[in-house]
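Data block below; observations after.
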Amino acid sequence: MKRRKLVLISLAVVVVIAALIFGVARHNKTQAEQAIQARNAKVDQTLTAIRAQHKKNVALKDDAKRLQALANLETRSEAYSLRADRKQPVIALYKELINKEKAYFTDKNQKSLKKNKLTDDQLKDIKKKDLQAKLAGLNALTDVLNTQRDIVYNDKNFKTLSTKIQHLSERYAERLRQMTQDEGQASQTAESSNTASEVQGQQDQTDQSASGQSAETGQSGNVGNGQTGTGTSSGGYGYNNTWNSWYAPNNNGGNSGSVTDNSGAGTTTTPNADNSGTGTGASDQGSSTGTDGGNQSSSATGNTGIDGQVSSGADGTNP
């Protein structure tokens, strides 16, 4: 009887112990689950906060501010990765968002580079003002890269892109120098041509003026501007050449005659009856006069005056 009671008591103790063990285990499990849930909830809160901040960063219109937000995001990511309670989901999210933001800037920079990149053929045919705009675009891109160097790019990627931009900039600058030089040469050529044209025009005007003055002097000198030669004759004639002559027979003594022509100086002495007449002609003038008893005759180049009348004109007739 006592043995049976002892067995029952032992079984009861075992059951109690088992119950206690089960209860403790379940409690511990529950607490562990609750702790995990708490930690997960905290991770979720962290993830939610990170995403919310990133959404604000994406909404920024100013790239300088967005770049600073990326820098802050990288700083927080580095700090979180050093925490003892760090969680992989948070680390992964930080990495994902940082890569997206870097891609925003690198893609934008590549588009800018493509926009301002010229092939050799394009570089030959482009206008100067357009090439200046391309070079300005590359210079602006270089400034942007310098601000992004330690945030968006690592040293290798930064050097690769910067070298490419620098090479293009040097080519554009050299082409602009050549364009400027060509423009200067063309301008000098145009100025020389204009100067030559002006000189030629002035020379032509001078020649025309001189020609007009010569013609005017020659025409008016036929009558009024001739140099005169004087002599005394009772009748006679004088001439300078075969195409300028005058004829003025006189019956009275003490008359005078003068001869001029358009061909140069000359003298005549031609006897007639018992008297002689002499005359001289000045160069480039054309007129002759003779007086006979108060009458006058005159002739222009190649014209003939008749005694006692006045003649003028190109056809040698008397008026």
Å² of accessible area per residue within the range 32-116, as computed with a 1.4 Å probe and no ligands counted: 67
Rounded, prolate or oblate (a/c below 1.5 giving rounded, otherwise prolate when a/b exceeds b/c) for the range 31-82 by Cα gyration tensor: oblate
Phi to ³J(HN,Hα) by Karplus 6.51 cos²θ - 1.76 cosθ + 1.60 over the range 129-145, Hz, x for Gly, Pro: 5, 5, 5, 4, 5, 5, 5, 4, x, 5, 5, 5, 5, 4, 4, 5, 4
Of all accessible heavy-atom area on the range 72-170, the percent that carbon and sulfur account for (1.4 Å): 50
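The values are calculated or read from the model by the stated rules, or taken from the named source; none is laboratory data. Keep in mind that what you see is a predicted model, and the values were worked out from it rather than measured. We work out accessible area using only protein heavy atoms, side chains counted, and drop any ligands, DNA or RNA first. Shrake-Rupley method; radii C 1.70, N 1.55, O 1.52, S 1.80 Å.
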